[in-house]
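Data first, discussion second: the structure below is written as structure tokens.
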Amino acid sequence: MKKSGAEILVECLKREGVKHIFGYPGGVVLNIFDTLYDEKDIKLILTRHEQGAVHAADGYARASGKVGVAIVTSGPGATNTVTGIANASMDSVPIVVFSGQVPTMLIGNDAFQEADIVGITRPCTKYNYLVKDINDLAKTVREAFYIASTGRPGPVLIDLPKDVTAGKTDFIWPQHIQIRSYNPTYEGNKWMIKQAAHEIARAKKPVIMAGGGVILSGASKELKELAEFMDIPVTMTLMGLGGFPGTHNLSLGMLGMHGTYYANMAVQNADLLIGIGVRFDDRVTGKTASFAPNAKIVHIDIDPTSIRKNVRVDVPVVGDVKLVLKEILKILKEEVGKEQWSAIRKSWLKQMEQWKKERPLTYRYDEKIIKPEFVIEKIYELTKGNAIICTEVGQNQMWAAQFYKYDKPRRFLSSGGLGTMGFGFPAAIGAQFACPNDLVIDIAGDGSIQMNIQELATAVINKLPVKVAILNNHYLGMVRQWQELFFRERYSHTYLDVVPDFVKVAEAYNAVGLRATKPEEVEPVLREALKVKDKPVFMDFVVDWREKVYPMVPAGASIDEMLFEEEKKEEKKVRAVK
Amino acid sequence: MRHTISVLVENKFGVLSRISGLFSGRGYNIESLSVGETIDPQISIMTIVTTGDDQIIEQITKQLNKLIDVIKVVDFMEVDHVEREMVLVKVAPKKEDKTEVLRLAEIFRGRIVDSGPKTFTIEITGDEKKIEAFVELMKGYGIKEFVRTGKVAMAREGVKKA
């Protein structure tokens, strides 16, 4: 029996195990939406903006490890997905986006709602397709899911002209997918692995720098084993948080521009840096010429282009992080016993403790005004570190990375590479669909939350208990911080004169709105919010606008040239994070 | 350093744009690019001449390899190979120079592919040096039009790096 293109598409999605699709309808995708209308196994979640749909699919993928899916219409529907796709591309998130397209015979005619979305998204997708023949549809969908989820994952877009989804043909499901020009390297080169193991064995002052690749390849267990077996301290990039337990005594927390003093000092003084699933982004390395100046660098990554792109590498290992770590561990365990290491590392680990004592992550508690770090600390305390934390971008993101400890992977969802304001809230919605029994909290700023605030409707209609903690300082805080430090306090266009009453906004959408203006109100507001199980909650925390994110490495400086909060003489209460 | 890189790709629409987009998006330089089908109509071959230091060339070849439609990348810097390029030159020599131009074309094993009352169109094939030399000579006789195909390259048989 012949099936329509729309039916074939939905059948393919079912076979790929898709349960949730985030989308927004429109003229040329009517056939698809009509087919989904009767579909029992797949739930389409209507967002209120296509960007929200793609971020939600992204959050869904990050939280679950499965491929996230979004469907949008042609023209503006498709162009609205670009930020979401670029975001997923930078952070290697597997998503498949289906965009409608005008009928094949009209392509190129500047038809109504026509946009060359394949052309537009070419540089920000892992791959993209325009399906011109309905007989290619099933194979294309199969390939798209395969490409998105294998190797270094990433977004794939499929453009579907209206006549392709409306036409009819026989459904043939390709059993096997083989793409001759696409063969990711999973097994690392044996010789290189051996070199890496030997460097690790020889090093006196090694540091592991773990990135998003650890989480993507599911290598947390192997990483922990390696660190513990060899007594190597571990620092994480923003994308790597949760890849290694943040509460572990070998954890140095995050490194880089807003990394901890001890993480940056460790990297700068190490004799061996083991980069695992990282790409040495400029926010991590600072000035590359003086990055890890005394260290040999071992770099393990599945993407060969990551290697030697930004920093010199002494031992490159291309392969899947999990498989490579297993091999390294095997060599280390078979060739040398554990006892030797502990002796060699003792003074190095002691140095870590000293740095941690010297300059712990701190902020000044204030009894009159809420400090944003205090809010994060309270969230950590009340959720016992078990929540899925999404963030927007800016100060809120950095504080969430610094003051919440992530012990498990896929618990910290943040826009790392692209730095997309407006990511956190829709991502939280996606994460809540992926993990319905988990507590999902978006840590936001008053600027960022307004970038996709319309998704409140999506959360309300689906009865999602997503919590949004808005650190409301009436400023675009991170930019303001730079203006204060580097632009003589000229706050050009960073003051958000009119910030809506977030409590009323929440209530207008039939969600719950709460507000705290004093430090003692923070905990009651959070407790109240955590009680709500069937609605989203906006928590408006009116925080100290002067607060800055520290430590901070100024742009272009080495990562050990950190700025710290000035000490005040009259200071009594300096609170350190446990 | 200047490198000649040959890229075997799937012969699909949009592939050229993926390759050229990679170069423009990452700020790499293309000196010349030629594309054509291979014996297998599903596969095309591109020959790209580019410049960059070792680190850039390494990135270029890796980034090319990373593209889904790219089947194989060969940097001819590492391989003993032959390179050829073809140019068409339209010259308008003065009456007294005509024989000289024809003689030079012959020396360079060029062919006259068109001739009119005022101009000759000469086809020259060869490596870069030969072409440069010929073009230099012709400049003195008044080049009216000039077009080149871009370089193509092929590895020599059975050559292995010592």
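The values are calculated or read from the model by the stated rules, or taken from the named source; none is laboratory data. This one's a predicted model, so the numbers in the text were calculated from it and none came from an experiment. In this analysis, Cβ positions are derived from the backbone assuming ideal geometry, glycine residues included, and neighbour counts consider all displayed protein chains. In case anyone asks, the SASA skips ligands and DNA or RNA and just uses the protein heavy atoms, side chains included. Shrake-Rupley method; radii C 1.70, N 1.55, O 1.52, S 1.80 Å.
Some observations on this one:
- Within the range B:16-39, if we keep just the residues that are assigned to a loop (DSSP other than H, G, I, E, B) and without any contact (Cβ under 8 Å) to a residue 12 or more places away in the chain, the residue that is farthest from the other protein chains (Cβ to nearest Cβ) turns out to be B:ILE39.
- The residues listed here are A:SER99, A:SER89; of these, the one that is in contact with a helix residue (DSSP H, G or I) (Cβ under 9 Å, 6 or more places away or on another chain) and open to solvent by 10 Å² or more (accessible area, probe 1.4 Å) is A:SER89.
- The range A:435-477: number of residues that are closer than 15 Å to A:HIS55 by Cα and surrounded by fewer than 18 Cβ atoms within 10 Å (Cβ to Cβ): 1
- Complete set of residues in the range A:281-340 that are basic (Lys, Arg) and either open to solvent by 80 Å² or more (accessible area, probe 1.4 Å) or more than 14 Å from chain B (Cβ to nearest Cβ) (or both): A:ARG283, A:LYS287, A:LYS296, A:ARG308, A:ARG312, A:LYS322, A:LYS326, A:LYS330, A:LYS333, A:LYS338
- Test result for A:ASP271, out of contact with any His (no Cβ under 8 Å at 6 or more places or on another chain), over 14 Å from A:VAL207 (Cα atoms) and in contact (Cβ under 8 Å) with a residue 12 or more places away in the chain: no
- Single residue of A:LEU530, A:LEU485 found to be assigned to a helix (DSSP H, G or I), touching a helix residue (DSSP H, G or I) at 6+ places or on another chain (Cβ under 8 Å), touching a residue at least 60 places away in the same chain (Cβ under 8 Å) and not basic (Lys, Arg): A:LEU530
- Entry remark, the range A:472-499: residues being on the phi > 0 side of the Ramachandran plot and either of a type in the set (Val, Ile, Thr) or under 29 Å from the mean Cα position of the chain (by Cα) (or both) number 2 in total.
- Meets criteria (within 13 Å of B:GLY150 (Cβ to Cβ), assigned to a strand (DSSP E or B) and either open to solvent by less than 70 Å² (accessible area, probe 1.4 Å) or within 11 Å of chain A (Cβ to nearest Cβ) (or both)) for B:ILE45: yes
- From A:SER149, A:SER92, residue being hydroxyl-bearing (Ser, Thr, Tyr) and at positive phi: A:SER92
- The range A:158-181 - residue that is in contact with a Phe, Trp or Tyr (Cβ under 7 Å, 6 or more places away or on another chain) and assigned to a strand (DSSP E or B) and, of those, nearest to A:ALA6 (Cα to Cα): A:LEU160
- Residue in the range A:58-66 that is within 25 Å of the chain's Cα centre (by Cα), surrounded by 24 or more Cβ atoms within 10 Å (Cβ to Cβ) and among the polar types (S, T, N, Q) present: no
- Those residues of the range B:5-15 which are more than 11 Å from every other protein chain (Cβ to nearest Cβ) and surrounded by fewer than 18 Cβ atoms within 10 Å (Cβ to Cβ), in sequence order: B:ASN11
- Number of the condition not met by B:ASP54 [criteria: (1) within 14 Å of another protein chain (Cβ to nearest Cβ); (2) touching a residue at least 60 places away in the same chain (Cβ under 8 Å); (3) of a type outside the set (S, T, N, Q)]: (2)
- Lone qualifier among A:ALA144, A:ALA138 - being surrounded by 22 or more Cβ atoms within 10 Å (Cβ to Cβ) and more than 13 Å from every other protein chain (Cβ to nearest Cβ): A:ALA138
- Failed item in (1) touching a residue at least 40 places away in the same chain (Cβ under 8 Å); (2) surrounded by 19 or more Cβ atoms within 10 Å (Cβ to Cβ), with A:VAL10 passing the rest: (1)
- Residue in the range B:60-78 that is modelled with pLDDT of 95 or more, closer than 30 Å to B:ALA133 by Cβ and hydroxyl-bearing (Ser, Thr, Tyr) present: no
- Among the residues of the range A:109-135, those identified as over 27 Å from the mean Cα position of the chain (by Cα) and either assigned to a loop (DSSP other than H, G, I, E, B) or within 11 Å of chain B (Cβ to nearest Cβ) (or both) are A:ASN109, A:ASP110, A:ALA111, A:PHE112, A:GLN113, A:GLU114, A:ALA115, A:ASP116, A:LEU130, A:VAL131, A:LYS132, A:ASP133.
- Residue in the range A:393-414 that is at pLDDT 95 or above, over 19 Å from the mean Cα position of the chain (by Cα) and in a helix (DSSP H, G or I) present: no
- Criterion violated by A:ARG152 - all others in (1) over 29 Å from A:GLY5 (Cα atoms); (2) assigned by TED's automatic domain parsing to the domain that holds A:ASP116; (3) open to solvent by less than 40 Å² (accessible area, probe 1.4 Å) satisfied: (3)
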